[in-house]
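**Student:** Before I ask anything, here is the structure I am working with.
Each reported figure results from applying straightforward, stated rules to the coordinates on display, with no laboratory input. Computed from a predicted structure; not experimentally measured. For neighbour counting, all protein chains shown are included, and Cβ atoms are generated from backbone atoms with ideal geometry for every residue, glycine included.
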Amino acid sequence: MAGPVVDLHSHLVPKGWPDLSAACGGSGWPWLRVDSERAAMIMVGETEFRPVGPQAWDAPTRLSDMDTDGVDVQVVSPTPVFFSYERPADQAAKVARIFNDLTLELTSAGGGRLVPFCQVPLQDPDAACAEVDRCLAAGHAGVEIGNHVGDRDLDDEGIVTFLQHCASVGAPVFVHPWDMPGGPRLDRWMARWLTGMPAETHLSVLALILGGVFDRVPDTLKLCFAHGGGSFPFWLGRADNAWHRRGDPVRGNSEHPPSHYVNRFLVDTVVFEPAALRLLVDTLGASQVVLGSDYPYPLGERPVGDVVRRSDFLTPDQRDAILSGNALRFLGRS
């Protein structure tokens, strides 16, 4: 019999948090403009960043939507705007603690169905390791990180140190693209989200491979990339071809071509069309794909799991693995 349906990719925004300038130092922090009982706006300074509603902060609303969509368990991760990687590490550590504790408040009202993931000050490996340890002890099940810290990608020595620590303590790591480049060509049509997000994830998967991280970090590290792994699965053949034909500039520190490493990470199903999901399954294997939705944001999938249920090429065992078993293995619950 199939196990519980697990949505591995959702976010929260608490309904209010302390004044971050007073609590953490610095200025220009995100704040929440509450417009009504059911409507609020994430503000960055005086700039409107994203509208949110009770789905973002209210556990009963989330649980009701999960029931409607047939989701049993939802992993709840931070919204990346709060990562604060560009700030001094002590400020980022303080804001991480604030939002991680607020995440536990929300998920504690879920009767075990809402699984909290924390954030960390990734710009400081020691502080990041300390915060993930604190959060695991407090009840978090894993950690969400952004795919880069400024110009430092996932093969940066400090970030590798953090990933090695996560492997040693058994903390699953969910990697989410963020802080996409802007400019006149990208600041229209939400192009940063439509093109920049897939490219960011693609680049960071390559950094783990060509930077030699997968050859150094134990295979006990549990990694999952959001949004179907970005454009990486589509262009895996191109990367392999370049690795073989242009070895000196392309191979970097990797011992094997990129396709050798596709069993080292998972990707979620936020790709919306069965043809795209078929590509993920054909390229990475059904064992490397997990259900995700990007709930509660409007670019996410509703009803959650629709693309999996519409994909008639999946066998019953593959569908069960994507909806349940792979995520349970990632969370250490299988």
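**Student:** If I go through segment 83-92 residue by residue, how many of them are buried (at least 22 other Cβ atoms within 10 Å of the Cβ) and part of a helix (DSSP H, G or I)? Break it down stepwise before answering.
**Tutor:** First pass over segment 83-92, keeping only residues buried (at least 22 other Cβ atoms within 10 Å of the Cβ): 83-84, 92.
With part of a helix (DSSP H, G or I) added as a condition, the list becomes 92.
Total meeting the criteria: 1.
**Student:** For segment 77-128, enumerate the residues that are more than 18 Å from the chain's Cα centre (by Cα) and on the phi > 0 side of the Ramachandran plot.
**Tutor:** Listed by number, the residues that qualify are Gly111, Gly112.
**Student:** Need the failing condition index for Gln74 against (1) surrounded by fewer than 17 Cβ atoms within 10 Å (Cβ to Cβ); (2) under 17 Å from the mean Cα position of the chain (by Cα), just the number.
**Tutor:** Looking at each condition in turn, Gln74 falls short on (1).
**Student:** Any idea which of Pro18, Pro60, Pro4 is out of contact with any strand residue (DSSP E or B) (no Cβ under 7 Å at 6 or more places or on another chain), part of a loop (DSSP other than H, G, I, E, B) and not basic (Lys, Arg)? Give the steps one after another, and end with the answer.
**Tutor:** Working: Pro60 fails: part of a loop (DSSP other than H, G, I, E, B); Pro4 fails: out of contact with any strand residue (DSSP E or B) (no Cβ under 7 Å at 6 or more places or on another chain).
Exactly one of Pro18, Pro60, Pro4 is out of contact with any strand residue (DSSP E or B) (no Cβ under 7 Å at 6 or more places or on another chain), part of a loop (DSSP other than H, G, I, E, B) and not basic (Lys, Arg), namely Pro18.
**Student:** Let me ask something else about it. Which condition does Val169 not pass, out of (1) within 14 Å of Lys222 (Cβ to Cβ); (2) touching a residue at least 60 places away in the same chain (Cβ under 8 Å), if it passes all the others?
**Tutor:** (2)
**Student:** Here is a check on your reading of the model: is Gln164 assigned to a helix (DSSP H, G or I), in contact (Cβ under 8 Å) with a residue 12 or more places away in the chain, more than 24 Å from Val213 (Cβ to Cβ) and of a type outside the set (Phe, Trp, Tyr)? Steps first, answer last, please.
**Tutor:** Values: assigned to a helix (DSSP H, G or I): yes; in contact (Cβ under 8 Å) with a residue 12 or more places away in the chain: yes; more than 24 Å from Val213 (Cβ to Cβ): no; of a type outside the set (Phe, Trp, Tyr): yes.
So Gln164 does not fit the description; no.
**Student:** Now for a separate question. Among the residues of segment 1-19, is any touching a Pro at 6+ places or on another chain (Cβ under 6 Å) and under 20 Å from Pro177 (Cα atoms)? Full working, then the answer.
**Tutor:** Of the residues in segment 1-19, the ones touching a Pro at 6+ places or on another chain (Cβ under 6 Å) are none.
No, because not a single residue in segment 1-19 is touching a Pro at 6+ places or on another chain (Cβ under 6 Å) and under 20 Å from Pro177 (Cα atoms).
**Student:** Of everything in segment 185-198, what is out of contact with any Ser or Thr (no Cβ under 6 Å at 6 or more places or on another chain) and either under 15 Å from Asp151 (Cα atoms) or part of a helix (DSSP H, G or I) (or both)? Give them in sequence order.
**Tutor:** Within segment 185-198, Ala191, Arg192, Trp193, Leu194, Thr195, Gly196, Met197 qualify.
**Student:** Further question: When you go through Asp153, Asp90, Asp67 one by one, which is the residue that is touching a Pro at 6+ places or on another chain (Cβ under 9 Å) and among the acidic types (Asp, Glu)? It would help to see each step written out before you state the result.
**Tutor:** Working: Asp153 fails: touching a Pro at 6+ places or on another chain (Cβ under 9 Å); Asp67 fails: touching a Pro at 6+ places or on another chain (Cβ under 9 Å).
Only one candidate qualifies: Asp90.
Okay, residues lined up against (1) outside any helix (DSSP H, G or I); (2) among the aliphatic types (A, V, I, L, M); (3) out of contact with any Leu (no Cβ under 6 Å at 6 or more places or on another chain):
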{"position": "Gly300", "(1), (2), (3)": "yes, no, yes"}
{"position": "Val304", "(1), (2), (3)": "yes, yes, yes"}
{"position": "Leu314", "(1), (2), (3)": "yes, yes, yes"}
{"position": "Gln318", "(1), (2), (3)": "no, no, yes"}
{"position": "Ser324", "(1), (2), (3)": "no, no, yes"}
{"position": "Ala327", "(1), (2), (3)": "no, yes, no"}
{"position": "Ser334", "(1), (2), (3)": "yes, no, no"}
